[in-house]
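All of the numbers you see were taken from the coordinates with simple rules; none came from a lab. Being a predicted model, the structure only gives us computed values, none of them experimental. Reconstructed Cβ throughout: ideal geometry from the backbone, glycine too, with neighbour counts over all protein chains shown.
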Ligand code: G6P
């Protein structure tokens, strides 16, 4: 184990810090500047077939499902095709309507998650068009899907997924770019996304270099019993993933909510014992998110803002900073400080970070 850890305190920390290199591998050879698109050799569909897709559905469990939600947003934004994500575990049991012109995409780091495999098998039985976005080559889901995108994240050991989620979301950004470029995404916009994707590995490294600052914020909130994680649109899957990470490794209760829905119930829980982590990209929803922070502050709730915007001085109690990229790619970067936040809060509480109680790295049984 010592050898594999290579000096890191645990696998989660090692894998968090591997993200810039893991990301570079995922992007390597897959971006085409000249045609402003992605080249995904594992997808055996010609432009005509890609154009015939009328809907995209992402299926996965846990962090893979949240990455799918990020992917759905990217597909709608870049390709203007209706897209959504659903837990594979729900999909497989609800006798879903399978449509011929929908592209189904199974997402799995391990390639062995039983629910995701069962969903893929059900789709094959019903004649659905299926791709796999998988890390482990030769795994059951990779074999079942037959074509798709490999993550090239390298082995992931920590139960809490980090680099696999980052590479999944990035792979789905490339898929969205490809689907967009056979439709109406302009060359200029395609180039903008290609350049943005290329910047990601260095920007992730930039976030990781601020680890100490994130650790200090986490320590300030380590005696909290419950937290909200809120975001809007692109920020919503980020909030869900951030809450999930915190729960699973620190055992602190965390609830993710759409920031826009707070006032329809959860705001009643806000007081000085309930901090909120809010995802605040500098995008078209910035003023809405600032409004949400003000509503929380008016109820004496502490606010930790994950942001690349210049927020009014003193508005948030703490800020976790993220570099600027193209807004469509924000979810990929905004997830990183939340990994560090959960990690350091759990470390402060003395948790067994790589092996959280009651959880398994891959759930291969019912
Ligand atoms: C388990 C792990 C999660 C992971 C999920 C899906 O619940 O604890 O970290 O996201 O399985 O795993 P997969 O290998 O299919 O991505």
Could you grab the Rg to Rh ratio for the chain? Cα atoms only, Kirkwood for Rh. 0.96
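Calculate, in nm to one decimal, what residue 271 and residue 348 gain on full extension: separation in residues at 0.36 nm each, minus their alpha carbon distance. It would help to have the intermediate numbers written out before the result.
Values: separation 77, 0.36 × 77 = 27.72 nm, distance 2.37 nm.
Additional length available on full extension: 25.4 nm.
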For the chain, take the longest principal axis of its alpha carbons; what is the angle in degrees between that and the long axis of helix 187-208, to the nearest 10 within 0 to 90? 40
Relative packing of 328-336, 211-219, which averages over residues the other C-beta atoms within 10 Å, highest first: 328-336, 211-219
Over what distance in Å are the Cα centres of region 209-223 and region 1-45 separated? 26
Using a 10 Å cut-off around each Cβ, can you sort 145, 61 from fewest to most neighbouring Cβ atoms? 61, 145
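Ratio to report: Rg/Rh of region 199-264, with Cα atoms as the point set and Rh obtained by the Kirkwood method; give two decimals. All intermediate terms of the calculation are to be shown ahead of the outcome.
Details: Rg = 13.6 Å, Rh = 13.2 Å.
We get a ratio of 1.03 for region 199-264.
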Based only on other Cβ atoms within 10 Å, what is the fewest-to-most ordering of 12, 70, 174? 174, 12, 70
At 7 Å along the Cα-to-beta-carbon direction for both residue 93 and residue 8, put a label point, then send me their distance in nm to one decimal. 3.4
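Could you calculate the contour length gain from residue 39 to residue 315, that is, 0.36 nm times the residue separation minus the distance between their Cα atoms, to one decimal place in nm? Walk me through the numbers on the way to the answer.
Working: separation 276, 0.36 × 276 = 99.36 nm, distance 4.32 nm.
Computed gain between residue 39 and residue 315 is 95.0 nm.
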Relative to the first principal axis of the alpha-carbon coordinates of the chain, what is the inclination of helix 163-181, with its axis defined by its Cα atoms, in degrees from 0 to 90 and to the nearest 10? 50
Separation between the residue 365 and residue 125 pseudo-spin-labels, each 7 Å from Cα along Cα→Cβ, expressed in nm? 2.3
For region 69-136 versus region 152-199, the gap between their alpha-carbon centres in whole angstrom: 17
Starting from the 7 Å offset along Cα-to-Cβ, what nm value, one decimal, do you get for the label separation of residue 358 and residue 100? 4.6
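Name the shape class, rounded, prolate or oblate, that the alpha-carbon gyration tensor gives for region 158-276, where a ≥ b ≥ c are the square roots of its eigenvalues, rounded holds for a/c under 1.5, and otherwise prolate holds if a/b is larger than b/c and oblate otherwise. Please list the in-between numbers first.
Numbers: a/c = 2.54, a/b = 1.66, b/c = 1.53.
It comes out prolate by the Cα gyration axes.
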Rounded, prolate or oblate: pick one for region 185-229, where a ≥ b ≥ c are the square roots of the eigenvalues of its C-alpha gyration tensor, a/c under 1.5 means rounded, and failing that, prolate if a/b is larger than b/c, else oblate. oblate
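What is the calculated FRET efficiency for residue 286 to residue 264, with r their C-beta to C-beta distance and R₀ = 25 Å, to the nearest 0.05?
Numbers: r = 22 Å, r/R0 = 0.86.
The pair residue 286/residue 264 has a calculated efficiency of 0.70.
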